[in-house]
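Encoded as structure tokens, the structure appears first; notes follow it.
The values are calculated or read from the model by the stated rules, or taken from the named source; none is laboratory data. Bear in mind the structure is a predicted one, so any value in this text is a computation, not a measurement. Here the Cβ positions follow ideal geometry from the backbone for every residue, glycine too, while neighbour counts run over all protein chains shown.
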Amino acid sequence: MNQWYRDRLKAEIPGLLDYWQPKINQQVSDWGIKKMKTRWGSCNISERRIWLNLELAKYPIECLEYVLVHELVHLLERYHNDRFKAYMNQLLPHWSHCHNLLNPKPNR
Ligand SMILES: [Zn+2]
């Protein structure tokens, strides 16, 4: 079952990156999928690598998109500050809907 989820994410992520990277004007050097207990995604800013949680495959694609955009925005702004939220509001005005769907897990 895990393999099916992984394949689903692997099929969706390249198209999302093709769409969002030019919009945000940032490129990742690499990305991957892994099981994470406490995060939906993570971003290594210096290496420009993002990780997405395998569990996202169980949620609507909007949630995967939200986490992916969140991690890409970290390439512009490291912290969850007002500047970060302004980017999110501009790029994905409905982000809080997805955020609530994914709660109570904290997102990074
Ligand atoms: Zn974050």
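At least 1 residues being away from the ligand (no atom under 16 Å from the Cβ) and surrounded by fewer than 17 Cβ atoms within 10 Å (Cβ to Cβ) is the threshold, and among the strands (runs of 3 or more DSSP E) wholly inside the stretch 2-71 those reaching it are 30-34.
Residues in the stretch 90-104 that are part of a helix (DSSP H, G or I) and of a type in the set (S, T, N, Q) were compared, and the one that is surrounded by the most Cβ atoms within 10 Å (Cβ to Cβ) is 96. Just checking, does the stretch 34-43 include any residue being at pLDDT below 95, under 21 Å from residue 8 (Cβ atoms) and in contact with an Asp or Glu (Cβ under 6 Å, 6 or more places away or on another chain)? No, the stretch 34-43 contains no residue that is at pLDDT below 95, under 21 Å from residue 8 (Cβ atoms) and in contact with an Asp or Glu (Cβ under 6 Å, 6 or more places away or on another chain). Among the residues of the stretch 42-71, write down those that are β-branched (Val, Ile, Thr) and out of contact with any His (no Cβ under 9 Å at 6 or more places or on another chain). 61, 67, 69 - these are the residues of the stretch 42-71 that are β-branched (Val, Ile, Thr) and out of contact with any His (no Cβ under 9 Å at 6 or more places or on another chain).
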